[in-house]
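J.: Submitted below is the structure of interest, expressed as structure tokens.
The values are calculated or read from the model by the stated rules, or taken from the named source; none is laboratory data. These numbers were taken from a predicted model, which means no experiment stands behind them. Here the Cβ positions follow ideal geometry from the backbone for every residue, glycine too, while neighbour counts run over all protein chains shown.
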Amino acid sequence: MAVGGDQARAQRHRLLPALHGLSDRIGWISPGALNYVCERLRVPPADAYGVASFYALFSTTPRAPQILHVCDDIACRLAGAEELCAQLEQKLGPPHEPLPQQQSACWTRSPCLGMCDRAPAALFIAADPGGSPRGEPLGEVDRPRLEQALLSEDRPPAQPARATVAGTQRTLLRRIGKIDPESIGDYRKAGGFTALRRAIEIGPAGIIHEVDVAKLTGRGGAAFPTARKWEAVAREPARPHYLICNADESEPGTFKDRVIMEEDPFAVIEAMTIAAIAGGCERGYLYVRGEYPLASSRLQKAIDEARAAGMLGDGICGSPLRFDIEMRRGAGAYICGEETALFNSIEGLRGEPRNKPPFPVRKGLFGKPTIVNNVETLANVIEIVAKGGEAFASVGTPGSTGTKLFCLCGHIARPGLYEVPLGTMLAELLALAGGVRGGKRLQAVLLGGAAGSFLTPAEIGVPLSFEGARAIGATLGSGVVMVLDETADLGGILVRIAAFFRDESCGQCVPCRVGTVRQEELLHRLRRGRPLGSATQERDLLAQIGQVMRDASICGLGQTASSAIESALSKFEVFNRA
Amino acid sequence: MVDPRRTATAAWADTWLGLDVGSDIALSNGMAHEILERGLEHREFIEHATIGFAEYRASLDSYTPQVATRMTGVPANVIGEVARAYAQADKALICWTLGITEHHNAVDNVFALINLALLTGKVGRYGCGLNPLRGQNNVQGGGDMGAIPHHLPGFQDITDDALRAKFERAWGASIPAKRGLRLNEMFEAIERGELRALYVIGENPLVSEADRNRASHLLASVEHLVVQDIFLTQTAELADVVLPAAAGWCETEGTVTSSERRVQRVRKLLDPPGEARDDLEIVCDIARRLGTDLGRPSAQQVWDELRTLSPMHAGMSYARLEACSGLQWPCYDEQHPGELFLHARLWEDPVRGPKAPFHAVEQEDPVDTLSDEYPIRLTTGRRLDSFNSGVQSGLYSSPLRRGESFDIAPEDAERYGVAEGERVRVSSRRGSVTVPVHVDPGLRPGLAFMTFHFDDVATNVLTIEANDPKSGTAEFKASAVRLEKLESPMQVS
Amino acid sequence: MPDVTIEIDGKAVSVPEGATILAACRAAGIDTPTLCYLENLTPVNVCRVCVVELEGSRTLVPSCSRQAESGMKVKTDSARVRTSRTMVLEFLASSVDVSLADDLQRQMRRYGAQPGRYGPPAPPPKADQRDASVAGHHDPPSGDAAHTVAQPVKRDNELYVRDYTKCILCYKCVEACGSDAQNTFAIAVAGRGFDARISTEHAVPLPDSACVYCGNCIGVCPTGALMFVTEHDRRAQGTWDPSRQNKGETICPYCGVGCNLEVSTQDGEIVKVMSPLESGVTNGHLCIKGRFGWQFVGKRR
């Protein structure tokens, strides 16, 4: 029977992996290759082109097979990324163009690569006709090192550096740096899979009860009660149920999920399995940022090993339960961290968010009930199931239980990943990391990422709990704590944040598509001291742009695209100094 | 999707059955065999509403999966799957176009489909039924209005004295009590010298009839040929008198009837050019010259008279047609909303009117048999952007149009050593044309496709005037042809 | 079907279950602007000009796709609603040529939209620059002028032009080309953010794409970005004059589907053929012959 109709259309979810397959081999999505994929998957070529051209890591025009992505986002900017890019442009020519020294290579600027603890950072990707592309994260780079990465032929791949992890309480991070992340045996010896066994014993209701007692809330930014989400999915009669681990960590300044995935990948698998049991999910997707090649490869190995060891697949852990995980790689789109955009991305559509309602617990991936949790949220579940919800809730504050990971970066003495109980004072956390680097004076702290807000030195007494942050109009967001010392160019940072949202807007709704452009233009005018009308008029207009994006955008990206900028302008004399 | 060619529609279908040209009955009967074998027939419906099931059932014995596959070229498991899916669906309908009806056994092809619907109770219910998709905007209306040899308007039998008397009273004229001639029968009558004058309205038979050489000869031999058309067509060029007509859809008032039996209003939005006139005016003037004064009725007056004579149109006033955006017949009075579907009576208890008959039919291969001399099966049809003989559609610039071509499978292009665009001679037992080759991967080896949209390639020189005895339609869908390379092929871009 | 009652601007309005807030607003006679919404297409709720304030909702909600639920309290003319609608209209008018978008212009007058306050329009970029834009990258703006979507008219066939300088990205053409009507999928939204655009695969010309020239995209385009060549040329020559035009309904002269046509004539000639949305036969959709195949009428003269 000819493959057509519904059966053929069901192949659409293979589109993104297929596009990766092309890009991995030849470095771009050529018309011929795209047509071939379309023919095989029965996807209309225009649709597939719409998807391919949506992602920053794909090129739909000829591009050199080796490409160096140089981060020029906020954390790296504080570490001199702008100057670095200017040097590269002088030595290597304009971005995207083949290098004069080597036609098979090019460089480009990149949004945050999630290596803010080792800023400035870069990511080298070399396509391979054999299908084994090289992806090499490079930290603390300078021009000579980048030139070497691009131009020298046979050099040993750089050993991935390990992140600095610290804190006052190590629960989520307890195995980091202490086990071989590629060894399931090591993981078991360190207590791995005991929580899963207990989860199978106590069953879905038991798991949800413990998570409820623990008062665990989502660590992705929205702080939604995890148990309520799981219970809602567990109750839905429609089948199948899906579980998605959202590992598309892209908030500028954030690297916490990457560290867990790279250093403790089996924990992600175990936690996903427990969540799947709770929600009655037959199938799981692990959606990892395209810029995280090391995390992807370690997670894939972990999935394979866990399956071989009977921890995934039919009859997990000797029980009659069935659950398996498929990994999906993102391709350079911040918006795909938004849960409904992520569904579309997995389904082979453009990563455009969906209108809510309906909510994912009712209609999520492929229109079915779906649990979406980020890596850090899931990682907490292991502890909760192993030690009980009550023990978990005893840490932190009554409203914000447990510990939280914070990504310290920028002008801080010891950048890295810090775990502290929720409710810890920001000042304490800064002190733990050695304070402002070089003994300089603190100018500001960006809390929560580009979608978060700037705090003044007077506000660093804030307790880092959900309610504590809310009380001062801030958010913990993704746990970014980016320190700006007195020398930092705050105006430049704001302009970069505005550019980030303009670049990452999916373009679907008018408030965000045009609002992010108008916001960026306006900031440039303020920065250059060339307002249209008075500066006050410009401030009013900026506030209105912020309001319409917040009020009328489809998703959280547009709704928060002005929050950090507005917080800075309301608290600091940003552009008046220029 | 059943089509010898893998068309764009086939590419999107859940299942495509690429059968051999002219094996439709074998496919239908094979499906019916499978349905009965699995006990999926609708026993209550058959019992309640049909007659002739036992003979039908007996006629299917030989259409085993192996036989059906051998006859159609469609794998047995696919025939089985589609048969089961059709039988088990709550609602399913069968739609067809000329692939069923342009065969020498056209009516039998239709019977085979009707049998399937009766077998599974897929008639007389919303979402079910049998739908011939019409190729012209008023081919349905033409038949409804009596432009058909055996019916007066509203499908009223011309041999029924009472019905005829009703029309004679209204028209003040006598109507011959015998059925008229079909187009193919007219041609035969011309050939016998019995038909000497022909009045052609809005048709281009020189181009659209099968076996064009013969059609051309016969049209030229008519003593008096009148053509009434909006164009000076190739047929009009042969005529003794040409009556220029207004374009029915935008230069005259009136109605047309679509495939779904919907009577719809067309309106005069422009004045016709030059001496062109409304068909209605022309007909009335001719009547006057012939001695009958029909007056100068408006389209609406003609329609209102029709409503008094054709019960199924009685409720369709112009006002209602406009307010309801058309009405579907039957519509018996001005309160009647029209019928979304037909034959609901078959589900009534007891059945109102006659029960639906099964007609046992047997597979018959196309008349123009393949041979070593003529090894290629040519099937003809239409392309999306063009329309029949092309006189209308040829006057706009379509980016999709690339002229006539002899479409063949890539394997055949290789076998005959011909390239895309290369002019070749295509010959049938009736004549030859030269035409450029187009390689179409949607065709299988041994199958070729052409249209008759283009004046420069007289495709119907190739086709066979093998007519269905019941409908008079020629077997446009199956000719046997051969392909020959030209001595010095001219490349056409 | 049972009714649900919601409160709009203090008044109770009842609509059938499953109806949207927009349907309720219209039932109550409230003029609610829409751009991406059309009765015969699936709501995409992207333009956000129909937003209303819903009590208990943190953000405004799109009335075109949000179902009315019993007890909802909706405001359609609060300061928040007015600000958002005004800004959405301004955002579009400051970045797109909306000169032929009559309804959008009317709403701009109603809300006092001032698209000029984002600066003068930036000079148009080089030809093909928008088609070549790379997701996630853009050149930093000066801020002195407002970036626009201006680009050369795409004229690659003899039937219709694509003037994407007039495109507000309402997605209607993509829906009409795709599963809402034609199932041809010749065009899709490509690129991202402000650089998002309607495109064929690799921006190939229409004759190299899957386009079947049904023109259903023209039928749903609210801004004149998609236009018959005949209308485009007449406008360019200054011979397009709606005041001398008559519109009448009739039936397509081609196949047996019976599509309703809305024919515009000017000076005794057909100048445009559309299909009324409310026509039950095909809901405003046609094929190449119905939409473009009428030229034989004039060519007989």
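J.: Would you point out the residue of the range A:307-364, among those that are buried (at least 19 other Cβ atoms within 10 Å of the Cβ) and among the aromatic types (F, W, Y), that is nearest to the other protein chains (Cβ to nearest Cβ)?
T.: Step by step, filter the range A:307-364, then rank; the result is A:Y334.
J.: Given the options C:G280, C:G219, C:G284, name the one that is surrounded by 22 or more Cβ atoms within 10 Å (Cβ to Cβ) and assigned to a loop (DSSP other than H, G, I, E, B). Don't jump to the end; show me each part of the working.
T.: Details: C:G280 fails: surrounded by 22 or more Cβ atoms within 10 Å (Cβ to Cβ); C:G219 fails: assigned to a loop (DSSP other than H, G, I, E, B).
Of the residues listed, the single one that is surrounded by 22 or more Cβ atoms within 10 Å (Cβ to Cβ) and assigned to a loop (DSSP other than H, G, I, E, B) is C:G284.
J.: Given the conditions (1) more than 8 Å from every other protein chain (Cβ to nearest Cβ); (2) more than 30 Å from C:P121 (Cβ to Cβ), which single one is not true for C:I218?
T.: Every listed condition holds for C:I218 apart from (2).
J.: If I ask for residues that are among the charged types (D, E, K, R) and over 20 Å from C:E90 (Cα atoms), which ones from the range C:22-52 would you list? Outline the logic, then answer.
T.: Within the range C:22-52, the subset among the charged types (D, E, K, R) is C:26, C:31, C:39, C:48.
Those that are among the charged types (D, E, K, R) and over 20 Å from C:E90 (Cα atoms): C:R26, C:E39.
J.: Would you confirm, using the coordinates I've provided, whether C:Y118 is in contact with a strand residue (DSSP E or B) (Cβ under 6 Å, 6 or more places away or on another chain), more than 13 Å from chain A (Cβ to nearest Cβ) and either aromatic (F, W, Y) or on the phi < 0 side of the Ramachandran plot (or both)? Walk me through it before giving the result.
T.: Working: in contact with a strand residue (DSSP E or B) (Cβ under 6 Å, 6 or more places away or on another chain): yes; more than 13 Å from chain A (Cβ to nearest Cβ): no; either aromatic (F, W, Y) or on the phi < 0 side of the Ramachandran plot (or both): yes.
Criteria not met by C:Y118.
J.: Of all residues in the range C:141-165, how many are of a type in the set (D, E, K, R) and either over 24 Å from the mean Cα position of the chain (by Cα) or within 14 Å of chain A (Cβ to nearest Cβ) (or both)?
T.: Going residue by residue through the range C:141-165, those that are of a type in the set (D, E, K, R) are C:144, C:154-156, C:158, C:162-163.
Narrowing further to those that are either over 24 Å from the mean Cα position of the chain (by Cα) or within 14 Å of chain A (Cβ to nearest Cβ) (or both): C:144, C:162.
Qualifying residue count, the range C:141-165: 2.
J.: Further question: Looking at (1) more than 7 Å from every other protein chain (Cβ to nearest Cβ); (2) under 21 Å from the mean Cα position of the chain (by Cα); (3) closer than 23 Å to C:T42 by Cβ, can you tell me which one C:C259 breaks?
T.: Condition not satisfied by C:C259: (2).
Rundown of residues vs (1) touching a strand residue (DSSP E or B) at 6+ places or on another chain (Cβ under 9 Å); (2) within 14 Å of chain C (Cβ to nearest Cβ), yes/no style:
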{"residue": "B:G381", "(1), (2)": "yes, yes"}
{"residue": "B:S398", "(1), (2)": "no, yes"}
{"residue": "B:G403", "(1), (2)": "yes, no"}
{"residue": "B:F406", "(1), (2)": "yes, no"}
{"residue": "B:A419", "(1), (2)": "yes, no"}
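J.: Inside the range A:99-153, can you point out the residues that are within 14 Å of another protein chain (Cβ to nearest Cβ) and assigned to a strand (DSSP E or B)?
T.: Within the range A:99-153, the first condition is being within 14 Å of another protein chain (Cβ to nearest Cβ), and the residues that meet it are A:106-113, A:123.
Matches in the range A:99-153: A:C106, A:W107, A:T108, A:R109, A:S110, A:L123.
J.: May I pose another question? Within the range C:276-292, work out how many residues are at pLDDT 95 or above and within 8 Å of chain B (Cβ to nearest Cβ).
T.: Residues of the range C:276-292 at pLDDT 95 or above: C:286-292.
Applying the additional criterion that residues be within 8 Å of chain B (Cβ to nearest Cβ) yields C:287-289, C:292.
The total comes to 4.
J.: Just to be sure I understand, how many residues within the range C:230-256 are within 9 Å of chain B (Cβ to nearest Cβ) and over 22 Å from B:Q136 (Cβ atoms)? Step through it out loud before you land on a result.
T.: We begin by selecting, within the range C:230-256, every residue within 9 Å of chain B (Cβ to nearest Cβ); these are C:246-256.
Within this subset, residues satisfying the condition of being over 22 Å from B:Q136 (Cβ atoms) are C:246-247.
Of the residues in that region, 2 qualify.
J.: What are the residues in the range C:123-140 that are surrounded by 14 or more Cβ atoms within 10 Å (Cβ to Cβ) and more than 9 Å from every other protein chain (Cβ to nearest Cβ), if any?
T.: C:P124, C:P125, C:R130, C:D131
J.: All but one of (1) more than 25 Å from B:W303 (Cβ to Cβ); (2) more than 13 Å from every other protein chain (Cβ to nearest Cβ); (3) in contact with a Phe, Trp or Tyr (Cβ under 9 Å, 6 or more places away or on another chain); (4) touching a residue at least 40 places away in the same chain (Cβ under 8 Å) hold for B:L98; state the number of the condition that does not hold.
T.: (2)
J.: If you don't mind, another one. Being part of a loop (DSSP other than H, G, I, E, B) and of a type in the set (K, R) is the filter here, so list the residues in the range C:143-197 that pass it.
T.: Our first condition is that a residue be part of a loop (DSSP other than H, G, I, E, B); within the range C:143-197, this holds for C:143-145, C:147-153, C:155-159, C:163, C:167-171, C:178-187, C:191-192, C:196.
C:R155, C:R192, listed by residue number.
J.: Name the residue that is farthest from C:R110 (Cα to Cα), counting only residues in the range C:53-65 that are within 20 Å of the chain's Cα centre (by Cα) and assigned to a loop (DSSP other than H, G, I, E, B).
T.: C:S65
J.: Oh, and also: Do we find that C:D97 is loosely packed, with under 14 Cβ neighbours inside 10 Å and away from chain A (no Cβ under 12 Å) in this structure?
T.: Values: loosely packed, with under 14 Cβ neighbours inside 10 Å: no; away from chain A (no Cβ under 12 Å): yes.
When the stated conditions are applied, C:D97 does not pass them.
J.: Looking at the structure I just gave you, is C:A196 surrounded by fewer than 21 Cβ atoms within 10 Å (Cβ to Cβ) and facing another protein chain (nearest Cβ under 7 Å)? Before the answer, list the steps.
T.: On the way: surrounded by fewer than 21 Cβ atoms within 10 Å (Cβ to Cβ): no; facing another protein chain (nearest Cβ under 7 Å): yes.
Here the answer is no, as C:A196 does not meet what is asked.
J.: So, one more: Find the helices (runs of 4 or more DSSP H) located wholly in the range A:1-91 whose residues include 3 or more that are within 14 Å of chain B (Cβ to nearest Cβ) and closer than 26 Å to A:Y287 by Cβ, and list them. Spell out the reasoning first.
T.: Working: elements: A:5-9, A:15-26, A:31-41, A:45-52, A:74-78.
Where helices (runs of 4 or more DSSP H) fall fully within the range A:1-91 and carry at least 3 residues being within 14 Å of chain B (Cβ to nearest Cβ) and closer than 26 Å to A:Y287 by Cβ, they are A:5-9, A:31-41.
J.: Now for a separate question. Before we move on, is C:V273 facing chain B (nearest Cβ under 7 Å), touching a strand residue (DSSP E or B) at 6+ places or on another chain (Cβ under 7 Å) and either surrounded by fewer than 19 Cβ atoms within 10 Å (Cβ to Cβ) or in a strand (DSSP E or B) (or both)?
T.: No: the conditions fail for C:V273.
J.: May I ask you to verify whether A:R513 is free of Cβ contacts under 8 Å to residues at least 24 places away in the same chain and at the interface with chain C (Cβ under 7 Å from one of its Cβ atoms)? Quick ask: steps written out before the conclusion?
T.: Details: free of Cβ contacts under 8 Å to residues at least 24 places away in the same chain: yes; at the interface with chain C (Cβ under 7 Å from one of its Cβ atoms): yes.
Considered against the rule, which asks whether it is free of Cβ contacts under 8 Å to residues at least 24 places away in the same chain and at the interface with chain C (Cβ under 7 Å from one of its Cβ atoms), A:R513 comes out as yes.
J.: Still on this model: Inside the range B:1-80, counting only helices (runs of 4 or more DSSP H) that do not spill past its ends, which hold 3 or more residues that are surrounded by fewer than 19 Cβ atoms within 10 Å (Cβ to Cβ) and within 13 Å of chain A (Cβ to nearest Cβ)?
T.: Values: elements: B:8-12, B:24-37, B:43-49, B:53-59, B:65-72.
Here the list reads B:8-12.
J.: With the condition being free of Cβ contacts under 8 Å to residues at least 60 places away in the same chain and not assigned by TED's automatic domain parsing to the domain that holds A:C512, I'd like the helices (runs of 4 or more DSSP H) fully within the range A:254-360 carrying at least 1 qualifying residues.
T.: Numbers: elements: A:256-263, A:265-279, A:293-308, A:339-346.
Filter on the range A:254-360 gives A:265-279, A:293-308, A:339-346.
J.: Count, please, the residues in the range A:234-245 that happen to be touching a residue at least 24 places away in the same chain (Cβ under 8 Å) and surrounded by fewer than 24 Cβ atoms within 10 Å (Cβ to Cβ).
T.: Here is the first cut: in the range A:234-245, the residues touching a residue at least 24 places away in the same chain (Cβ under 8 Å) are A:234, A:236, A:238-245.
Now drop any that are not surrounded by fewer than 24 Cβ atoms within 10 Å (Cβ to Cβ), which leaves A:234, A:236, A:238-242.
Final tally of qualifying residues: 7.
J.: I've got another one for you. Among the listed residues C:T20, C:T59, which satisfies the condition of being free of Cβ contacts under 8 Å to residues at least 12 places away in the same chain and within 14 Å of chain A (Cβ to nearest Cβ)?
T.: Details: C:T20 fails: free of Cβ contacts under 8 Å to residues at least 12 places away in the same chain.
Residue meeting the stated conditions: C:T59.
J.: I'm checking my understanding of the structure. Among residues of the range C:159-188 that are closer than 18 Å to C:V212 by Cα and hydroxyl-bearing (S, T, Y), which one is surrounded by the most Cβ atoms within 10 Å (Cβ to Cβ)? Show your work before the answer.
T.: Here is the first cut: in the range C:159-188, the ones closer than 18 Å to C:V212 by Cα are C:159-162, C:172-188.
Narrowing the set further to residues that are hydroxyl-bearing (S, T, Y) leaves C:160, C:179, C:184.
On the way: C:Y160: 26, C:S179: 12, C:T184: 21.
Ranking the candidates gives C:Y160 first.
J.: Quick one: which of A:T456, A:T424 is in contact (Cβ under 8 Å) with a residue 60 or more places away in the chain, crowded, with 17+ Cβ neighbours inside 10 Å and not assigned by TED's automatic domain parsing to the domain that holds A:L557?
T.: Of A:T456, A:T424, the one residue that is in contact (Cβ under 8 Å) with a residue 60 or more places away in the chain, crowded, with 17+ Cβ neighbours inside 10 Å and not assigned by TED's automatic domain parsing to the domain that holds A:L557 is A:T424.
J.: If I go through the range C:23-52 residue by residue, how many of them are among the aliphatic types (A, V, I, L, M), assigned to a loop (DSSP other than H, G, I, E, B) and more than 12 Å from chain A (Cβ to nearest Cβ)?
T.: The initial filter retains those residues of the range C:23-52 that are among the aliphatic types (A, V, I, L, M), namely C:23-24, C:27-28, C:30, C:35, C:38, C:41, C:44, C:46, C:49, C:51-52.
Those still in the list that are assigned to a loop (DSSP other than H, G, I, E, B) too: C:28, C:30, C:35, C:38, C:41, C:44, C:46, C:49.
From the residues that got through so far, the ones that are more than 12 Å from chain A (Cβ to nearest Cβ) too are C:28, C:30, C:38, C:41.
Residues that pass the stated criteria total 4.
J.: Just to be sure, is A:P95 outside the structural domain of A:I335 (by TED's automatic domain parsing), farther than 22 Å from A:F255 by Cα and either in contact (Cβ under 8 Å) with a residue 40 or more places away in the chain or in contact with a strand residue (DSSP E or B) (Cβ under 7 Å, 6 or more places away or on another chain) (or both)? Let's see the steps before the verdict.
T.: Details: outside the structural domain of A:I335 (by TED's automatic domain parsing): yes; farther than 22 Å from A:F255 by Cα: yes; either in contact (Cβ under 8 Å) with a residue 40 or more places away in the chain or in contact with a strand residue (DSSP E or B) (Cβ under 7 Å, 6 or more places away or on another chain) (or both): yes.
Spelling it out, A:P95 is indeed outside the structural domain of A:I335 (by TED's automatic domain parsing), farther than 22 Å from A:F255 by Cα and either in contact (Cβ under 8 Å) with a residue 40 or more places away in the chain or in contact with a strand residue (DSSP E or B) (Cβ under 7 Å, 6 or more places away or on another chain) (or both).
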